[in-house]
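Engineer: One structure follows; several queries about it will come next.
The values are calculated or read from the model by the stated rules, or taken from the named source; none is laboratory data. Please read all numbers here as calculations on a predicted model, not as lab measurements. Glycine also receives a Cβ, built like all others from the backbone with ideal geometry; neighbour counts cover every protein chain displayed. These accessible areas exclude ligands, DNA and RNA; they are computed on the full protein's heavy atoms, side chains included. Shrake-Rupley method; radii C 1.70, N 1.55, O 1.52, S 1.80 Å.
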Amino acid sequence: MSSKIISQGILRAVGIILGIALLLYFLWKIQSVIAYLAFAAVIALIGRPIVLFLRRKLRLPNTLAVILTMLFMVAILAGIISLFVPLISEQGKNLSLLDINKLQTNVRTLYLEIMDYFGATPEVVGEIIQESELEKTIIDRLDIGFIPNFLNSFLNVLSSASIGLFSVLFITFFFLKDSKLFQRGILAFVPQNREAGTVNSMEKINNLLSRYFVGLLLQIFILFVIYTITLLIIGIENAIVIAFLCALFNIIPYVGPLIGGAIMIVLTMTSNLGMDFSTVILPKTGYVLIGLVVGQLVDNFFSQPFIFSNSVKSHPLEIFLIIIIAGLLFGVVGMIVAVPGYTAIKVILKEFLAENKLVKSLTKTL
């Protein structure tokens, strides 16, 4: 092999590396646009069944069906914002969600009441923890700053995302109006002999993910209703806000329900401080715990099997492993996008590697 060929190979490799680096840098600089496209794609998948219903059942023109669908989704979004933002901002002190010092004080008071109820003094608990070679008590190391940070970030996003919201809605309108728009953009980078398989894959992915996201909204709504009824029955203030926030955490698989349940229990107990622990706080907490258990039973034995089996057509154990692996690799974001991403990969593999034995076993239900 001559030195000229070697040098050309080195230059080609360097050029490829630089090209990849420039592409990654470009994608990093336009990450907000990519985020708009991703949000718009998800919203379009959610609105797709509504558009199809209006077109096929009511015989409406495509443009009118899309406009009505967009108005319906915007109305729902406006309703959610008008319902929850004022409640969170005006009654944040009652919830102690925006006042972290008050929340920590309430938790400390609650801790002392629990110790007193069980006949344990803080001194005894401190001695036990010191014997366990822990320098600080659990209550001193309690970090609940993520609650106000999460809510404040959420409110800041709502207040400063007008341009982003307009962009997402604008892109969503055209994704719904011309369902082939995104498909044609992808086909521009696909070899001609692969176009048919790519089109089939994208159609299947659209159908599966559309059902998945609609099912996910139904899952959150069912939990929201169960949690709201539970909190209203036992007389917790701002039950709708608390129930919505806790149900929303269910988007994060496995970990989310635990976080949401813990928040609901803590807020229930701290909202009743000053009342008798054994006759008021403890019974109400028990009822909330029962409501959480009922909600998770309904979710685990009805909602999740419905979503995973009927929408993405994957075995629960398969989904569990994929979510755990994605969580280890990419954190919470990985856990959230694991199911739709894995579904898209399965469809593509079945289309282009249908004869592979492993692919056959993974995609036999598709």
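Engineer: Going by the structure shown, is VAL347 in contact (Cβ under 8 Å) with a residue 24 or more places away in the chain, under 22 Å from LEU218 (Cα atoms) and open to solvent by less than 70 Å² (accessible area, probe 1.4 Å)?
Structural biologist: no
Engineer: Does PHE301 satisfy the condition of being more than 19 Å from the chain's Cα centre (by Cα) and part of a helix (DSSP H, G or I)?
Structural biologist: Yes: the conditions hold for PHE301.
Engineer: Given the condition outside any helix (DSSP H, G or I) and either over 18 Å from ASN207 (Cβ atoms) or open to solvent by 50 Å² or more (accessible area, probe 1.4 Å) (or both), answer yes or no: does some residue in segment 30-40 qualify?
Structural biologist: Yes, that holds for at least one residue.
Engineer: Shifting gears a bit: Just to verify a result, which residue in segment 15-42, among those that are of a type in the set (Val, Ile, Thr) and modelled with pLDDT of 85 or more, is nearest to LEU64 (Cα to Cα)?
Structural biologist: Filtering first and then ranking leaves ILE20.
Engineer: Out of all the residues in segment 201-228, which are loosely packed, with under 15 Cβ neighbours inside 10 Å and in contact (Cβ under 8 Å) with a residue 60 or more places away in the chain?
Structural biologist: Matches in segment 201-228: LEU217, LEU218.
Engineer: Now a separate question. Scan (1) at pLDDT 85 or above; (2) surrounded by 21 or more Cβ atoms within 10 Å (Cβ to Cβ) for the single condition LEU245 breaks and write down its number.
Structural biologist: Answer for LEU245: the failing condition is (1).
Engineer: Test PHE320 against the criterion of being under 19 Å from the mean Cα position of the chain (by Cα), surrounded by fewer than 19 Cβ atoms within 10 Å (Cβ to Cβ) and part of a helix (DSSP H, G or I), and give yes or no.
Structural biologist: Criteria met by PHE320.
Engineer: Okay, next question. Kindly indicate the residue of segment 162-179 that is under 22 Å from the mean Cα position of the chain (by Cα) and of a type in the set (Val, Ile, Thr) and also most open to solvent (accessible area, probe 1.4 Å) among those meeting that condition.
Structural biologist: So, considering only residues that are under 22 Å from the mean Cα position of the chain (by Cα) and of a type in the set (Val, Ile, Thr), the one most open to solvent (accessible area, probe 1.4 Å) is ILE171.
Engineer: Tally the residues that are of a type in the set (Asp, Glu) and either closer than 17 Å to SER303 by Cα or part of a helix (DSSP H, G or I) (or both), restricting the search to segment 230-268.
Structural biologist: Here the count works out to 0.
Engineer: Quick check on this structure: which one of ALA326, ALA354 is open to solvent by less than 60 Å² (accessible area, probe 1.4 Å) and under 26 Å from PHE249 (Cα atoms)?
Structural biologist: Every option except ALA326 fails the conditions.
Engineer: Taking the condition hydrophobic (A, V, I, L, M, F, W, C), out of contact with any Cys (no Cβ under 7 Å at 6 or more places or on another chain) and open to solvent by less than 30 Å² (accessible area, probe 1.4 Å), does ILE233 pass?
Structural biologist: In short, no.
Engineer: Just checking, how many residues over segment 283-317 are charged (D, E, K, R) and open to solvent by less than 40 Å² (accessible area, probe 1.4 Å)?
Structural biologist: Count: 1.
Engineer: Are any residues in segment 331-351 more than 20 Å from LEU248 (Cα to Cα) and of a type outside the set (D, E, K, R), and if so, which ones?
Structural biologist: Answer for segment 331-351, where residues must be more than 20 Å from LEU248 (Cα to Cα) and of a type outside the set (D, E, K, R): GLY341, TYR342, THR343, ALA344, ILE345, VAL347, ILE348, LEU349.
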